[in-house]
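The values are calculated or read from the model by the stated rules, or taken from the named source; none is laboratory data. Since the structure is predicted, the reported quantities are computational estimates derived from the model, not experimental observations. Reconstructed Cβ throughout: ideal geometry from the backbone, glycine too, with neighbour counts over all protein chains shown. Each accessible area value is taken on the protein alone, full model and side chains, heavy atoms only, with ligands, DNA and RNA left out. Shrake-Rupley method; radii C 1.70, N 1.55, O 1.52, S 1.80 Å.
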Amino acid sequence: MIYKKNNLRIDGFDVGYLGRKYKTPIYCYSLKKINNNIRNLKTYFKKINPLICYAVKANTNLRILKEIKNNNLGADVVSKGELMKALKAGIKPQNIVFSGVGKTSEEIKFAINKKILLINAESKSEILEIEKIARSKKKSVNIGIRLNPNTDAKTLSQISTGKKENKFGVDQKIFLQLVEYLKKSKYLNLKCLSVHIGSQILEYKPYENMLKVVDRIIKKSNYKFEYIDLGGGMGIDYNHNNSKLDLQKYSKNIQKFLKKKSCKIIFEPGRYIVGNSAILITKIIYIKEGYNKDFVILDAAMNDLIRPALYGAHHRFLPSKKTKKLAKKAYEFVGPICESTDTFTVIKKYQKLNEKDFLVICDVGAYGTSLASNYNVRPKPIEILIKGSKIQIINKRQKISELM
Ligand code: LLP
């Protein structure tokens, strides 16, 4: 994203041009960014040679999934629907792991039939259910157990998953009991220990703590795990102030952790791969004078991007045309939805904006469209992908008639 003669451009395309051509709101992705992110991850973790399973929930667009598959990544899925999409994109079953606390019998059967790499179980009940299904099919099934390491990820509480009060995984005591149980199971092969402590993690310490807990429990369990699935969670720089997770340190720590172990590391990154790859182009419908700030009313709303309303998450806002003139009052950027939480951000000092101007909401590639809804019977936005010098429509704008 750069300004050329004060006009904002993404991969060489003028944002105003895109706004006029495709009408707003638009989710606009850069393939270059996705490929770069994947390349970065592979480089940082080269010495570990992990299996990288993209967390499909971050962005489920089939064309994006196909591009991710073209980079030889696997997938981490959490529902039958996600599994079907991953397979449809051409991701090999032997590179797919299935996570989640509430897999239904139907989902488990489907996963077993598709011969995916691992079902990462999150409770004793789930293990018994998988075993029952495996026995009835007379098939042996590879599974993992998700450990709840009781580690603080130091991220937003709503996206923390690795503390004992969270619903995810099993505690250490139960973990050890389950390992003992599975050592004797005829139909289940325990292959993996999995953890995932949270999302948008920028501090490196939580990962270090997590690895210590995992190391300890492996020793206690006296079991040879073929895979250690360390989950995802790698954070990105939403504030654009160089707050980055130190992946080099994380990688070194894993190398240390792997000494005297012969297991394969699995990662499940979602946000890191697609987060910064997309912008949401929106148009100002009205600017309304408020008490001590002005409301900039956009044609994108919380149904298109719910992260600010749901988590108080911050996304950078950029004008499509840069000017030096400052607005007299603070701006609050809001959507047209009938809820006070339909607000994106308040910015005290911003350039003067005009009605019909285009704006860009940055870093919306992860958990943008995948969390979008039709609230207020609003159709979901068009999605376009910049691929070199070409633009592909990768999802048409929904029609209101489809929502009737
Ligand atoms: N693996 C498991 C088991 C997960 O639960 C998640 C995310 C991931 C991997 C991928 O995490 P990532 O690398 O993307 O951080 N909607 C929220 C994020 C929820 C994340 C849920 N689980 C947001 O917009 O911030």
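Here's the yes/no breakdown for (1) outside any loop (DSSP other than H, G, I, E, B); (2) under 24 Å from ARG9 (Cα atoms); (3) touching a Phe, Trp or Tyr at 6+ places or on another chain (Cβ under 6 Å):
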| position | (1), (2), (3) |
| --- | --- |
| ALA300 | no, yes, no |
| TYR331 | yes, yes, yes |
| ILE337 | no, no, no |
| SER340 | no, no, no |
| LYS356 | no, yes, no |
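Residues in region 200-244 that are open to solvent by less than 20 Å² (accessible area, probe 1.4 Å), within 16 Å of the ligand (Cβ to nearest atom) and either of a type in the set (A, V, I, L, M) or within 14 Å of the chain's Cα centre (by Cα) (or both): ILE201, MET210, VAL214, ILE228, LEU230, GLY231, GLY232, GLY233, MET234, GLY235, ILE236, TYR238. Confirm whether LYS167 is farther than 20 Å from PRO93 by Cα, open to solvent by 10 Å² or more (accessible area, probe 1.4 Å) and not in a strand (DSSP E or B). Yes, satisfied.
Applying the condition of being open to solvent by 40 Å² or more (accessible area, probe 1.4 Å) and over 23 Å from the mean Cα position of the chain (by Cα) to region 315-328 and asking which residue is nearest to ARG397 (Cα to Cα) yields LYS321.
Just give me the residues in region 186-198 being in a loop (DSSP other than H, G, I, E, B) and open to solvent by less than 20 Å² (accessible area, probe 1.4 Å), in sequence order. Within region 186-198, VAL195, ILE197 qualify. Taken over region 62-80, the criterion of being touching a residue at least 12 places away in the same chain (Cβ under 8 Å) and away from the ligand (no atom under 15 Å from the Cβ) is satisfied by LEU62, ARG63, LYS66, GLU67, LYS69, ASN71, LYS80.
Among the residues making up region 255-267, those that are open to solvent by less than 20 Å² (accessible area, probe 1.4 Å) and in contact with a strand residue (DSSP E or B) (Cβ under 6 Å, 6 or more places away or on another chain) are ILE265, ILE266, PHE267.
Per the listing TYR331, TYR375, the residue uniquely away from the ligand (no atom under 16 Å from the Cβ) and under 24 Å from the mean Cα position of the chain (by Cα) is TYR375. Being free of Cβ contacts under 8 Å to residues at least 24 places away in the same chain and outside any helix (DSSP H, G or I) holds for only one residue in LYS154, LYS132, LYS115, LYS139, and it is LYS115.
Being buried (at least 24 other Cβ atoms within 10 Å of the Cβ), on the phi < 0 side of the Ramachandran plot and at pLDDT 95 or above is a description that applies to ILE116.
Among the residues of region 137-145, is any within 19 Å of MET210 (Cα to Cα), out of contact with any Pro (no Cβ under 7 Å at 6 or more places or on another chain) and assigned by TED's automatic domain parsing to the domain that holds TYR181? Within region 137-145 (the criterion being within 19 Å of MET210 (Cα to Cα), out of contact with any Pro (no Cβ under 7 Å at 6 or more places or on another chain) and assigned by TED's automatic domain parsing to the domain that holds TYR181), the answer is yes, since at least one residue qualifies.
Picking from residues in region 367-397 that are in contact with a Lys or Arg (Cβ under 8 Å, 6 or more places away or on another chain), polar (S, T, N, Q) and assigned to a helix (DSSP H, G or I), the one that is most open to solvent (accessible area, probe 1.4 Å) is SER370. Looking at region 1-108, the strands (runs of 3 or more DSSP E) lying wholly inside it that each contain 3 or more residues that are open to solvent by 30 Å² or more (accessible area, probe 1.4 Å) sit at 2-4. Scanning region 272-314 for residues that are within 15 Å of the ligand (Cβ to nearest atom), more than 16 Å from THR24 (Cβ to Cβ) and open to solvent by less than 20 Å² (accessible area, probe 1.4 Å) returns ILE273, VAL274, GLY275, SER277, ARG307, PRO308, ALA313.
Yes or no: region 169-192 includes at least one residue that is of a type outside the set (A, V, I, L, M, F, W, C), within 30 Å of TYR238 (Cα to Cα), free of Cβ contacts under 8 Å to residues at least 40 places away in the same chain and within 13 Å of the ligand (Cβ to nearest atom). No, region 169-192 contains no residue that is of a type outside the set (A, V, I, L, M, F, W, C), within 30 Å of TYR238 (Cα to Cα), free of Cβ contacts under 8 Å to residues at least 40 places away in the same chain and within 13 Å of the ligand (Cβ to nearest atom). Taken as a whole, the condition of being of a type outside the set (Phe, Trp, Tyr) and either assigned to a loop (DSSP other than H, G, I, E, B) or at pLDDT below 95 (or both) does not apply to SER251. Kindly indicate whether PHE317 is touching a Phe, Trp or Tyr at 6+ places or on another chain (Cβ under 8 Å) and at pLDDT 95 or above. Considered against the rule, which asks whether it is touching a Phe, Trp or Tyr at 6+ places or on another chain (Cβ under 8 Å) and at pLDDT 95 or above, PHE317 comes out as yes. Inclusion of TYR311 among residues that are without any contact (Cβ under 8 Å) to a residue 24 or more places away in the chain, over 30 Å from PHE225 (Cβ atoms) and not basic (Lys, Arg) is not warranted. Might you let me know whether region 327-336 holds any residue that is at pLDDT 95 or above and either closer than 30 Å to ASN95 by Cβ or of a type in the set (S, T, N, Q) (or both)? No, region 327-336 contains no residue that is at pLDDT 95 or above and either closer than 30 Å to ASN95 by Cβ or of a type in the set (S, T, N, Q) (or both).
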